[in-house]
Amino acid sequence: MKEVAQFYSGLASQQTDYFERANSMAATAFLDEHFKRLQDFNTLDLHFLYVKEAIPALDMFLDRAINLLRSSKEKQSEYLQIITGRGKNSQNGVAKIKPVVQARLKKRDIKFVQLNPGLLKVKVTKTTLITNEMPLN
């Protein structure tokens, strides 16, 4: 009986891995399409993602904006908007993405203000570090 339980436990674990991989691929494809359409649009909507997908998406979005600033001769800074959602669709109505995004912005030393419970306004400059320039700690 123990062997049967181990078999099904392993099968469940494998299916969970498949689900996680497929979900990650779908999120990446969605973000790729989102970034292709951005052009001059300075808003990132994260509230449809899971936390583990939202942080890499946030970093990609911020790094892209910083790199565009660095290549600009006129602009020194840019204001961006990040939609985190209020947490209304989260379990018990408690926001999961917003506190993690705020912590990531603080870690990156990026200034932000909350415009409403599900929307942050962020300021990046030419001197804001991109992800691979940040110290490892």
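Each value in this text was obtained by applying a stated rule to the coordinates, not by laboratory testing. Only a predicted model underlies this, so the values are computations on that prediction, with no experimental measurement involved. Don't worry about glycine lacking a Cβ; one is built from the backbone with ideal geometry, like all the others, and counts go over all protein chains shown.
Given 0.36 nm per residue, what is the gain on full extension from Phe7 to Asn116 after removing their alpha carbon distance, in nm?
Values: separation 109, 0.36 × 109 = 39.24 nm, distance 4.88 nm.
Gain on stretching Phe7 to Asn116: 34.4 nm.
What list of ³J(HN,Hα) couplings, whole Hz, do you get for the range 42-57 from phi and the Karplus terms 6.51, -1.76, 1.60, once you set θ to phi - 60° and write x for glycine and proline?
Per-residue couplings from phi come out as 10, 10, 10, 9, 9, 5, 8, 9, 7, 4, 5, 8, 5, 5, x, 5 Hz.
May I ask you to derive the FRET efficiency for Gln81 and Asn132 from their Cβ-Cβ distance with R0 = 30 Å, giving the value to the nearest 0.05? Write down the numbers at each step before the final one.
Values: r = 24 Å, r/R0 = 0.80.
Rounded to the nearest 0.05, the efficiency is 0.80.
Any idea how far the Cα center of the range 106-137 sits from the one of the range 56-101, in Å?
Here the answer is 8 Å between Cα centres.
So how far apart, in nm, are the two label points at Thr16 and Lys107 if each is 7 Å from Cα heading toward Cβ?
Distance between the two pseudo-spin positions: 2.3 nm.
Could you tell me whether the range 45-98 comes out rounded, prolate or oblate from its Cα gyration tensor? Rule is a ≥ b ≥ c as square roots of the eigenvalues, rounded for a/c under 1.5, then prolate if a/b exceeds b/c, otherwise oblate.
On the way: a/c = 5.14, a/b = 2.67, b/c = 1.93.
Prolate shape, in that a/c is at least 1.5 and a/b is the bigger ratio.
Among Thr16, Thr125, which comes first, then next, by fewest other beta-carbon atoms within 10 Å?
Thr16, Thr125
Pop out the ³J(HN,Hα) list for the range 74-87 in order, Karplus 6.51 cos²θ - 1.76 cosθ + 1.60 with θ = phi - 60°, rounded to Hz; leave Gly and Pro as x.
Calculated HN-Hα couplings, in order: 8, 6, 10, 8, 8, 9, 10, 10, 10, 8, 9, x, 7, x Hz.
For the modelled label position 7 Å from the Cα of Asp59 along Cα-to-Cβ, which residues of the range 100-121 have backbone nitrogen atoms closer than 17 Å?
Under 17 Å, as judged by backbone N against the label point of Asp59, lie 100-110 of the range 100-121.
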